[in-house]
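The values are calculated or read from the model by the stated rules, or taken from the named source; none is laboratory data. Keep in mind it's a predicted model, so treat the numbers as computed, not measured. We place every Cβ from the backbone using ideal geometry, glycine too, and count neighbours over all the protein chains shown.
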Amino acid sequence: MFTKIGYGWRWVCVRWTAKIMQQISYFWSDKGPAGDCFWWLDVLLLLGGIHSESTATWAHERKIRIICRCLFAYHAVAFVLQLNDALYEEKKAALVVWELMKVIFIFVAYLKVVLVVQLKGSIATLRQFIRSNHICSGDIEYDELEQNKFNKIVRITIQVVFVLIIIDTLILSVPNFSNNDLLKLPHLLALTGMFPSYILKILLTSCLGISVIPKYFACTACVGAVLIGMRTRLRILAHRFEHISQQDFTSEEKAFECVNRDIQEALAQHLEYWSHLKAMKIMVSKTFLKVHYFSIVAIGSLIYVCCAMGVNGVTFVIGAGTVSFLMEYYLLCHLVDLLQDEADSIGYHIFRICAQIPYNSELRSEYVQLRTTLMIVWINTRNGISLNCLGLFEITTFTFVTLIDAAYSVLMFLIKMGKIVDTDG
């Protein structure tokens with residue numbers, strides 16, 4: 001009897017384990033929730049304390065959001081108090097710069113969260129447009145391949161942010177002298193008592209990555225996903241124009257009617273794409289403004305801090321943060337350039353179509369109208385796709401070079417000022 005019960009219990013355990021493993025396997029598969037890049041984006045937004053309709057139905061969503069907001073508020077207060085202590089105690093210039101950069105970083109992170117909240121409607125609209133099949137090339141396999149590429153690139157990029165959060169959390173959780181020096185608990189919080197100050201110290205160091213990093217990179221992740229998605233849609237549209245340019249133009253009347261019909265369908269999709277372009281431009285320009293000016297100050301300042309503090313766990317985190325700021329800036333510039341490349345590709349295909357459309361004297365009016373329309377679309381596509389930072393400057397890869405130059409100037413300035421301040425001190 002007990003043997004049968006044992007066999008029955010093992011059978012239940014095996015079935016239950018198999019069911020759990022099947023659910024886990026489906027969850028992490030390409031068709032499961034974790035296979036969707038926007039699911040990862042929703043998780044990042046949730047850790048950033050940002051409410052969205054996609055995560056509203058998740059279990060404990062509100063509790064997680066409140067906890068993340070409370071942690072962020074605590075770190076903001078702690079950083080301000082640490083800066084006050086550094087100024088009051090007249091510490092070395094590098095430590096003062098480090099404390100100042102923490103305050104600036106958390107302030108910029110807050111501004112980026114506010115921007116995501118303000119652009120929530122535009123983000124949702126663009127996200128729906130990117131996931132839809134309103135723009136298609138007529139080649140189903142090509143469209144699916146491009147959509148899968150988009151999903152994979154965005155998913156991996158956001159996963160890198162989560163890896164950065166995990167690494168920062170692990171490094172800062174290990175007690176060492178550099179943590180105590182660079183992430184010292186402010187005097188005002190240290191007066192709360194031995195046990196409360198111990199808890200506050202753990203929250204200050206171990207929870208720093210999960211508290212601040214999602215808030216800073218959530219906005220950039222949204223903009224990056226939109227840029228890659230809009231580039232994918234434009235690439236599919238370019239493939240449609242390429243398909244039209246490869247048609248047979250030997251039969252004049254039939255060729256003109258066929259090309260005219262295909263072009264009108266492509267122009268309808270082009271017009272729909274253009275209706276979403278303005279919202280994307282506003283989103284990119286407002287985000288890039290914050291990224292640009294913060295990166296100029298942060299990159300040079302953090303390199304100066306790393307050089308002054310030597311090699312330790314915290315400076316490794318600072319170095320990783322500096323690299324992430326550089327990559328954030330470069331990727332935004334690179335994605336904008338890729339978008340412009342796709343626009344140039346459409347212009348090339350339109351030029352080929354205009355050159356190959358057979359002229360028919362009986363359809364002269366339609367012929368002239370079609371060529372004029374194509375030329376207007378060509379000009380608007382090549383010139384209208386360019387992005388700028390609220391009219392201050394064009395966003396291109398060359399802008400990244402100017403950032404490096406400006407960051408180097410900041411670094412040299414801090415080195416000179418640091419020598420003067422430390423000598424006088």
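From the list SER132, SER122, which residue is within 19 Å of LEU44 (Cα to Cα) and of a type outside the set (A, V, I, L, M, F, W, C)?
Details: SER132 fails: within 19 Å of LEU44 (Cα to Cα).
Only one candidate qualifies: SER122.
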Does GLY347 satisfy being at pLDDT below 90 and over 30 Å from ALA407 (Cβ atoms)?
yes
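The rows are residues; the columns are (1) over 17 Å from the mean Cα position of the chain (by Cα); (2) closer than 29 Å to PHE72 by Cβ; (3) not basic (Lys, Arg).
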residue: LEU100; (1), (2), (3): yes, yes, yes
residue: VAL117; (1), (2), (3): no, yes, yes
residue: SER122; (1), (2), (3): no, yes, yes
residue: ASP143; (1), (2), (3): yes, no, yes
residue: VAL160; (1), (2), (3): no, yes, yes
Which condition breaks for THR397 when tested against (1) buried (at least 16 other Cβ atoms within 10 Å of the Cβ); (2) under 15 Å from ASP341 (Cβ atoms)?
(1)
For the stretch 361-390, what are the residues that are surrounded by 11 or more Cβ atoms within 10 Å (Cβ to Cβ) and charged (D, E, K, R)?
GLU366, ARG371, ARG382
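Name the single residue, out of those in the stretch 400-425 being of a type in the set (Gly, Ala, Ser) and either buried (at least 16 other Cβ atoms within 10 Å of the Cβ) or closer than 17 Å to LEU289 by Cβ (or both), that is modelled with the lowest pLDDT. Let's see the steps before the verdict.
Let us first name the residues in the stretch 400-425 that are of a type in the set (Gly, Ala, Ser), namely 406-407, 409, 418, 425.
With the extra rule that they be either buried (at least 16 other Cβ atoms within 10 Å of the Cβ) or closer than 17 Å to LEU289 by Cβ (or both), the set shrinks to 406-407, 418.
Details: ALA406: 92, ALA407: 92, GLY418: 76.
Here the answer is GLY418.
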Answer yes if at least one residue in the stretch 42-51 is in contact with a Leu (Cβ under 9 Å, 6 or more places away or on another chain), closer than 17 Å to VAL223 by Cβ, at pLDDT below 85 and in a loop (DSSP other than H, G, I, E, B), and no otherwise.
no
